[in-house]
Every structure is written in C-alpha cells, then in structure tokens.
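The values are calculated or read from the model by the stated rules, or taken from the named source; none is laboratory data. Please read these numbers as outputs of a predicted model, since none were measured by experiment. So basically every Cβ, Gly included, is an ideal-geometry build from the backbone, and we count neighbours across all protein chains shown.
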Amino acid sequence: MRAVEPEVFLVSRPELDYKELARYLAEVGGEKWLERLDRGDLDAQDLAEFAGRLCYRSFEPGLNANVTRIREDQAEYLRNILASAHGSVLEHVNFGFVLHNVSRVLTHELVRHRPGVAISQESLRFVRLTDLPFWFPDWATQDSELMERATAVLDQLEEFQTWMAEHFGLDNEGVPFSEKKHRTSFMRRFAPEGVATGLVWTANVRTLRHTIEARTAVGAEEEIRMLFQRIGELMRKEAPALFSDYVVEDGAWIPGWRKV
C-alpha cells in the first residue's frame, strides 16, 4: 500500500485567435471592442464576453439599432451575464484538468456530471497494478487501530496482485499484449474501489460553476469536496470575473448567481 494525496493540474485553457476575431469584427464594425481588451491575459473572459456581445451585436453602440449604450468594463459586463443567467455563452469556455491520485469512489461520482464535460480515465484493463496507491483522510490516519487493520487489508490485496501476475506469467518473454490485457482485466476486480487513479476531465465554465457548487456543499463526499475546493481556487485565479461571485462558507462554495 502506498499513501497518496489527490492532486489537480490545470492543463488546458482557452486560447483565442485575435487576428481572426479582428477580421470578423471588421465585418460588423466592432473593432473598438477589441482595442479595449488586454489580449492574451484573460482569454477565457474575452471569449465569454465576445460570445455574449455577438448575441446582441453589442460590441459598440449603434451596431444594433436597439442598443444605444454598452457596458465597457469586462468585469461589469460578465457580472451582468451571470446575474442574467445567460449561461449559454459560458459553454464556449473550456478548461482541462488532470485529476491525479483520486479514488474510483470519486470518479464514480464525477461521471454523474455529464453535460459539458469530456473524460479520459486511466484504464485498469490495460494498466496493471503493481501496488495499491490509496488516500486516507486526516481523521482516519488519527485512528491507529483503523489504520493498522486497513493497511493490513490493503497489503494483502497488493500481495495478491503480485501473486496473480507471477501466477499468470505476465512478465515472461513472449506473452502477447492481448493475453496481458485479458488477465489484467480480471486482476483489477480485486482492487478496492478506493484505489487511486487518474483522468483528464475537461469542462466548460457553465458546468464548472454547477459542479463546484454541488461538490463543495457540506453534504458532499469528503474527497470530491476537497478536490473541487481546489478547483474553485484555481478558477477564481484563472477567470476572476467568472468566479468572483462565490462566497466560501465552511468550505462550501456558494455562488452569487445560480442557474447560470
């Protein structure tokens, strides 16, 4: 048994092609909007603002005969998007995370959030377990009898994984990968649900806002709660205008505007 800690890595974020934006805006007369942007610094917020303004052709007053004045400040504009629950424009903004050393308990809960996400998870049909990485919450590590018994169980399961690999001769020369895959698929059935795994999880901002709220709530499972508290902190730094409305109370991230 190897003790691990769940980790989050933000590995992808929106990147705008400002030349193409400029070419489009020249067609509709919105060049001055682009001049106001701090290009390349907050692409996620720029993309959300662009999508919203395109809906109403509100890059500048007068481009839409119904629009005689506009909000020029981006933070104010996006705050109005959130307050108006105009969440569809946030679906264009995607962030990708590597969730590392998280349990399959967590991933089984995470897959319930299906709209607006993409998931690629480590496959234990192909990846043979040579040890059992496992996370224990702080309260569990303070219970010496619990840890002694839990560690003994995990050590036995880990030893059985090693025994099966030797019994099936998986490291013998010439064993085809198809045979390794077949045996490894069987062997994973004896891994505990708490075994650590990894996945790439990509979500748009609308989904992120909902998932951060749902999975940091006081009643949420403790591992996924801890993970999404970290994701919330990452997103507040990454796109402050899209996540600054949250208030954190007892670890729960409560949005100023729901149903976005």
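Could you list all residues from segment 1-12 that are at pLDDT 95 or above and touching a helix residue (DSSP H, G or I) at 6+ places or on another chain (Cβ under 6 Å)? The answer is Pro6, Val8, Leu10. Count of segment 42-60 residues, restricted to those that are part of a helix (DSSP H, G or I) and of a type in the set (Ser, Thr, Tyr), is 1.
Residues that are under 18 Å from His92 (Cα atoms) and without any contact (Cβ under 8 Å) to a residue 24 or more places away in the chain within segment 19-33 comprise Glu20, Tyr24, listed in sequence order.
Which residue out of Phe126, Phe190, Phe160, Phe186 is surrounded by fewer than 17 Cβ atoms within 10 Å (Cβ to Cβ), without any contact (Cβ under 8 Å) to a residue 60 or more places away in the chain and touching a Leu at 6+ places or on another chain (Cβ under 8 Å)? None of the others qualify; the one that does is Phe190. Can you say whether Arg128 is in a helix (DSSP H, G or I) and modelled with pLDDT of 95 or more, as far as the supplied structure shows? It is false that Arg128 is in a helix (DSSP H, G or I) and modelled with pLDDT of 95 or more. Across segment 113-135, which residue is farthest from Glu5 (Cα to Cα) among those that are of a type in the set (Gly, Ala, Ser) and out of contact with any helix residue (DSSP H, G or I) (no Cβ under 7 Å at 6 or more places or on another chain)? This residue is Ala118. All conditions but one from (1) within 19 Å of Ala239 (Cβ to Cβ); (2) surrounded by 17 or more Cβ atoms within 10 Å (Cβ to Cβ) apply to Thr107; the one that does not is (1). Residue under question is Arg39, and the condition is that it be in contact with a Phe, Trp or Tyr (Cβ under 8 Å, 6 or more places away or on another chain), in a loop (DSSP other than H, G, I, E, B), surrounded by fewer than 20 Cβ atoms within 10 Å (Cβ to Cβ) and at pLDDT below 95; does it hold? Yes: the conditions hold for Arg39. The residues in segment 102-125 that are over 30 Å from Phe50 (Cα atoms), under 14 Å from the mean Cα position of the chain (by Cα) and either assigned by TED's automatic domain parsing to the domain that holds Ser185 or assigned to a strand (DSSP E or B) (or both) can be counted, and the count is 2.
Determine if segment 136-146 includes at least one residue that is crowded, with 18+ Cβ neighbours inside 10 Å, under 24 Å from the mean Cα position of the chain (by Cα) and closer than 14 Å to Arg2 by Cβ. Yes, that holds for at least one residue.
Scanning for something within 30 Å of Glu193 (Cβ to Cβ), among the polar types (S, T, N, Q) and either in contact with a strand residue (DSSP E or B) (Cβ under 6 Å, 6 or more places away or on another chain) or not in a helix (DSSP H, G or I) (or both), does segment 2-12 turn up at least one residue? The answer is yes, given that some residue of segment 2-12 is within 30 Å of Glu193 (Cβ to Cβ), among the polar types (S, T, N, Q) and either in contact with a strand residue (DSSP E or B) (Cβ under 6 Å, 6 or more places away or on another chain) or not in a helix (DSSP H, G or I) (or both).
Number of residues in segment 88-134 that are of a type in the set (Lys, Arg), closer than 30 Å to Lys180 by Cβ and out of contact with any strand residue (DSSP E or B) (no Cβ under 7 Å at 6 or more places or on another chain): the value is 2. All told, Asp138 falls short of being touching a residue at least 12 places away in the same chain (Cβ under 8 Å), assigned by TED's automatic domain parsing to the domain that holds Gln156 and either within 30 Å of Gln45 (Cα to Cα) or of a type outside the set (S, T, N, Q) (or both).
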